[in-house]
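Scroll down for the structure; my scribbles are underneath it.
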Amino acid sequence: QVQLVESGGGLVQAGGSLRLSCAASGSIFSMNAMGWYRQAPGKQRELVALITSGGRTNYADSVKGRFTISRDNAKNTVYLQMNSLKPEDTAVYYCNAVVRAEGYWGQGTQVTVSP
């Protein structure tokens, strides 16, 4: 089993910053990509950013230039630095990890950006 524990969400004003963290534990041998997804009320879950075990990254167009994903393989932790936040970034943010071709999800952390 793989456990993902997210932290760092909260309430911030537009233009502010937040940093999300996701720590993986359990049977994480051969963990591959890690990423962040988000789901706003009434909308489908969408990819925000992804990072492979080799450090390659991919971002949603809506967050390019504002968000940065990074990864500490020694700590099995992925981070999402979110700058210049907008009200439309308000959502529950979920961590995802692919371990031996199987995907795992964290419990989600709420990010709320006020105008």
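Throughout, read-outs are computed from the coordinates displayed, never taken from laboratory work. Predicted model only: the values in this text are computed from it and were never measured. Cβ coordinates were reconstructed from backbone atoms using ideal geometry, including for glycine residues, and neighbour counts include every protein chain displayed.
Observations on the model:
- Across the stretch 54-59, computed HN-Hα scalar couplings (Karplus, 6.51 cos²θ - 1.76 cosθ + 1.60, θ = phi - 60°) run x, x, 6, 10, 8, 10 Hz from first to last residue, x flagging Gly and Pro.
- Cα centre as origin, Lys/Arg/Asp/Glu Cβ charges: the stretch 31-115 dipole, Debye: 100 debye
- J(HN,Hα) series, the stretch 108-115, from Karplus relation 6.51 cos²θ - 1.76 cosθ + 1.60, nearest Hz, glycine and proline x: x, 9, 7, 10, 10, 10, 8, x
- Along the axis of the charge dipole computed for the stretch 1-84 (Cβ charges of +1 for Lys and Arg, -1 for Asp and Glu, origin at the Cα centre), the listed residues SER27, VAL12, SER84 are led at the positive end by SER84.
- Those chymotrypsin sites (Phe, Trp or Tyr not before Pro) in the stretch 1-102 that DSSP places in a loop and that have at most 10 other beta carbons within 10 Å: PHE29
- Ignoring aspartates and glutamates fewer than eight residues from LYS75 along the same chain, the ones with Cα atoms less than 19 angstrom from its Cα are GLU6.
- A cut-off under 14 angstrom between Cβ atoms defines the neighbours of ALA33, and their net charge, with Lys, Arg +1 and Asp, Glu -1, is +2.
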